[in-house]
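One structure below.
The values are calculated or read from the model by the stated rules, or taken from the named source; none is laboratory data. As the structure is a prediction and not an experimental result, all values here were calculated from the model. Glycine also receives a Cβ, built like all others from the backbone with ideal geometry; neighbour counts cover every protein chain displayed. In case anyone asks, the SASA skips ligands and DNA or RNA and just uses the protein heavy atoms, side chains included. Shrake-Rupley method; radii C 1.70, N 1.55, O 1.52, S 1.80 Å.
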Amino acid sequence: APNFRDLAGNGYTTPDGRTVRRGRVFRSDHLGNLLPADLSTLSSTIGDAVRVLDLRGVTERRTAPCAIPGATVHSLAIEPTIVQKLTDLLDAGAQLTEADTVALMQDTYRGFVRGNTPRFAELFGHLLDAHDAPVVFHCTAGKDRTGVAAALLLRALGVEHDLVMQDYLLTNGLYRRPAGLVSSAPEEVLNVIWRVQAEFLQAALQAVDHDHGGVQQYLKHRLGMHEAATKRLAELYLQPHAA
């Protein structure tokens, strides 16, 4: 799971001086290919009582179920529509360009907001219910569905946009395209699909602004992050102010 990382990054801070707590919440690509050495590292780092929030679709989960023994896994299924769109276009003989693929990805990210808000609301519910158990949320590559979820969580914690985007773009230095991948898509198309661009996440955030009047309104009215919930989230996932 090369895209497994602590959501605290290298010490993401909020304008009021608090820092995202390390060792509490992690973002990742799928956890189905973990080797014994990986599992040993995870166990020694975050323990065995792990809550996993799986954003993959039904078929994806069946293909590579979570390999962490004893993990409590919750399915928050968001189906991978970009794969189907790409396949349909290629089967129809479309000659996709890099620009076409970027536009497809942007449309996919808008769809995360417009079609899957209940899943993100569930994710926040689980985060609020986690108490002291570490949480890992992931999709298949840990970059698109997971990227939007991570951005929403960091914004809910008060982390500013530039740091949120920095965290999102870390995928390009971590994630590795699956070995042996066979596709009829041109390499320039695959380079878009298997990486992230600021324009992708920005498309989702622009949809939030357009449809809901901004991320704070979206968090409050659609994801259930009213004042008490936001305060509780901060207690769980931000370092307290120094005395």
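For this structure, a couple of remarks:
- First in the range 213-230 and in contact (Cβ under 8 Å) with a residue 12 or more places away in the chain, second anywhere and in a helix (DSSP H, G or I) and open to solvent by 50 Å² or more (accessible area, probe 1.4 Å), Cβ under 6 Å, 6 or more apart: Val215/Arg155
- Where His212 falls short, out of the listed (1) open to solvent by 10 Å² or more (accessible area, probe 1.4 Å); (2) at pLDDT 95 or above; (3) within 24 Å of Arg51 (Cβ to Cβ): (3)
- Residues that are among the acidic types (Asp, Glu), closer than 21 Å to Leu86 by Cα and modelled with pLDDT under 95 do occur in the range 187-195, at least one of them.
- The criterion of at least 3 residues that are under 12 Å from the mean Cα position of the chain (by Cα) and touching a residue at least 12 places away in the same chain (Cβ under 8 Å) is met by the following helices (runs of 4 or more DSSP H) wholly inside the range 88-202: 98-129, 145-156, 161-169.
- Thr97 meets each of the listed conditions (1) closer than 27 Å to Asp38 by Cβ; (2) touching a Pro at 6+ places or on another chain (Cβ under 9 Å); (3) of a type in the set (Ser, Thr, Tyr) apart from (1).
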